[in-house]
Amino acid sequence: MAQQRKKSGGKASKPAASTPVVYVLNGPNLNMLGLRQPEIYGRDTLADVEKLCQAAARRLGLAIVFRQSNHEGELVDWIQEARSHADGIVINAGAYTHTSVALLDALNAAEKPVIEVHLSNIFRRESFRHHSYISLAAKGVICGLGPKGYVLALEALADLA
Ligand code: CA2
């Protein structure tokens, strides 16, 4: 089992020997959460979502590394990092969900349980959002429940850890 080496923001922190580590990765434009399109994505900011995840992680005995990037390659790098530093991955890959074989390959190579999360119900939206490449690497998929989806994903990984 991986031990905690980093916390949110990438700063080093002291690991608790048996604390499972979960990487919570967010893709492009999710830094805009709460600032635009509240009718689709709600009013919570990504910082609010991170706070919610940190509170859930404390309750569940997990350590989380919470990150967001607008760059596909950076997300691939973080998934590769998770292979040696994490016990599981929660990912909202944003629009890369529907386009990225690179993220799918990285997730498969990570060999960790993956839960895919979407804030919105992608099946009630445009048809191009109905297909996810990364679902092929996911143990479970949660969509349409807003930020609570992240908490449910952490609960699922805590059960698996
Ligand atoms: O519902 C989700 O969580 C999505 O992953 C969000 C992506 C979208 O491309 C996926 O189809 C579904 C988009 C994230 C963009 O978030 C914004 C938030 C506020 C304002 C603008 C974009």
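What the table shows:
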| quantity | calculated |
| --- | --- |
| Close pairs from region 110-134: first hydroxyl-bearing (Ser, Thr, Tyr), partner modelled with pLDDT under 95, Cβ under 6 Å, at least 6 apart | Ser120/Ile40 |
| Subset of region 130-144 [touching a His at 6+ places or on another chain (Cβ under 8 Å), surrounded by 18 or more Cβ atoms within 10 Å (Cβ to Cβ) and of a type outside the set (Ser, Thr, Tyr)] | Ile142, Cys143 |
| 3 or more residues in contact with a Ser or Thr (Cβ under 9 Å, 6 or more places away or on another chain) and among the acidic types (Asp, Glu): qualifying strands (runs of 3 or more DSSP E) within region 59-150 | none |
| Verdict on Val49 being away from the ligand (no atom under 16 Å from the Cβ), at pLDDT 90 or above and crowded, with 19+ Cβ neighbours inside 10 Å | no |
| Filtered residues of region 35-46 (kept if without any contact (Cβ under 8 Å) to a residue 40 or more places away in the chain, more than 7 Å from the ligand (Cβ to nearest atom) and surrounded by 12 or more Cβ atoms within 10 Å (Cβ to Cβ)) | Thr45, Leu46 |
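The values are calculated or read from the model by the stated rules, or taken from the named source; none is laboratory data. This is a predicted model, so every value here is computed, not measured. Counting neighbours? That spans all protein chains shown, and the Cβs are built from the backbone with ideal geometry, glycine included.
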